[in-house]
1. Assess whether G103 counts as being closer than 15 Å to G51 by Cβ, modelled with pLDDT under 90 and either assigned to a helix (DSSP H, G or I) or open to solvent by less than 40 Å² (accessible area, probe 1.4 Å) (or both).
2. Filter segment 19-72 down to the residues that are charged (D, E, K, R) and in a helix (DSSP H, G or I), then identify the one that is surrounded by the most Cβ atoms within 10 Å (Cβ to Cβ).
3. Would you confirm whether or not segment 178-199 contains a residue that is out of contact with any Lys or Arg (no Cβ under 9 Å at 6 or more places or on another chain), buried (at least 19 other Cβ atoms within 10 Å of the Cβ), among the aromatic types (F, W, Y) and part of a helix (DSSP H, G or I)?
4. For segment 200-211: of the residues being open to solvent by 100 Å² or more (accessible area, probe 1.4 Å), closer than 17 Å to V150 by Cβ and of a type in the set (A, V, I, L, M, F, W, C), which is nearest to the chain's Cα centre (by Cα)?
5. Can you tell me which residue in segment 157-177 is farthest from the chain's Cα centre (by Cα), limited to those that are surrounded by 20 or more Cβ atoms within 10 Å (Cβ to Cβ) and among the hydroxyl-bearing types (S, T, Y)?
6. Name the pairs: first residue in segment 103-120 and over 19 Å from V46 (Cβ atoms), second residue at pLDDT below 90 and of a type in the set (S, T, Y), Cβ to Cβ under 8 Å, at least 6 apart or on different chains?
7. Going by the structure shown, is I126 among the hydrophobic types (A, V, I, L, M, F, W, C) and open to solvent by 40 Å² or more (accessible area, probe 1.4 Å)?
8. Which one of I142, I138 is surrounded by fewer than 22 Cβ atoms within 10 Å (Cβ to Cβ) and within 13 Å of the chain's Cα centre (by Cα)?
Amino acid sequence: MLFAMDLNIILFFDLFGTCVFAITGAVKGIRNRLDLLGVLFFAVTVGCGGGMLRDALIGSTPVAAFNDYRYFLICIIAGLVCFIISPVAIGRWAIMIYSDAIGLGVFTALGVAKAAGLGVSVVGQIMSGMFTAVGGGIIRDIFSKEVPMVFTSDFYATASLLGAILYVFLNCFTSLEANSLLFITACATTLLRIVGFRHKFKLPVARMHGEEKKK
C-alpha cells in the first residue's frame, strides 16, 4: 500500500503534520511562560515526537526525522514564528485546539497508512495511527506537568481511534486509491475532533464510592 502511494504525498502529509504539532507545542510553551529555547524545545519534541514513535513501533528506522533535516527545520521555524507573533496572536486564537485537531487527523491517517504499507496487521495499523496522533500531545502535556489531554479531553483519542478504523474499513472494503484514503481519513478525524470539542462529547468516567454524597 505504501509503495502504491505517491511518496511526495506521504512526505507532504508528514511534514505538514509535524508543522501543525510543532505549533501546538510552541503555543503551549508560550502559555507556560517559557523562554525562547524552551518554546523551540517544545516545538521540536511535540512536532517530531509522534512520528518518531510511529517509525520506531513499526520498524521504519532510522526514524524519518533523523534522516531528513526538514523535520527539525520546520519545527524550529514554526516555534520562532509563534514566539514572534505571540503578543498579537497567542491567546486570541483557539490555535491549539484547531491545530491539534488537524495534526490529529493527519497523523492518524499517516500512521495507519505507513503501518499498512509495511504489512502490519489490522490491529497494528489502528494502534500505529493512534500512537502517531497522540504521541506528540502526550509529550507536550507531560513536559507541562499536566495529565495528558488524551486521557481527559473530550473526544480526542476516540476521534483518532474512529479515524483509524475508518481507514482500515475503507481500505478493506472499497477500491479507493491510497491518496484518497489518506485525505478522507485525515479530514474525518479532524472533523470528529472539532465536533466533539464544540459539543463537549465525553466518554463516561467511573465514579468512586461516596463521590455522589460529597457533591
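The values are calculated or read from the model by the stated rules, or taken from the named source; none is laboratory data. Since this is a predicted model, take the numbers as computed values, not measurements. Cβ placement follows ideal geometry from the backbone for every residue including glycine, while neighbour counts extend to all protein chains displayed. Accessible surface is based on the protein model in full, side chains and every heavy atom, while ligands, DNA and RNA are left aside. Shrake-Rupley method; radii C 1.70, N 1.55, O 1.52, S 1.80 Å.
1. yes
2. Looking only at segment 19-72, we keep the residues that are charged (D, E, K, R), and these are 28, 31, 33, 35, 54-55, 68, 70.
Right, trim to in a helix (DSSP H, G or I) and you get 28, 31, 54-55, 70.
Values: K28: 23, R31: 14, R54: 26, D55: 22, R70: 15.
Among them, the one singled out is R54.
3. yes
4. L203
5. The qualifying residue farthest from the chain's Cα centre (by Cα) is Y167.
6. K114/S60; L118/S60
7. Values: among the hydrophobic types (A, V, I, L, M, F, W, C): yes; open to solvent by 40 Å² or more (accessible area, probe 1.4 Å): no.
Spelling it out, it is not the case that I126 is among the hydrophobic types (A, V, I, L, M, F, W, C) and open to solvent by 40 Å² or more (accessible area, probe 1.4 Å).
8. I138
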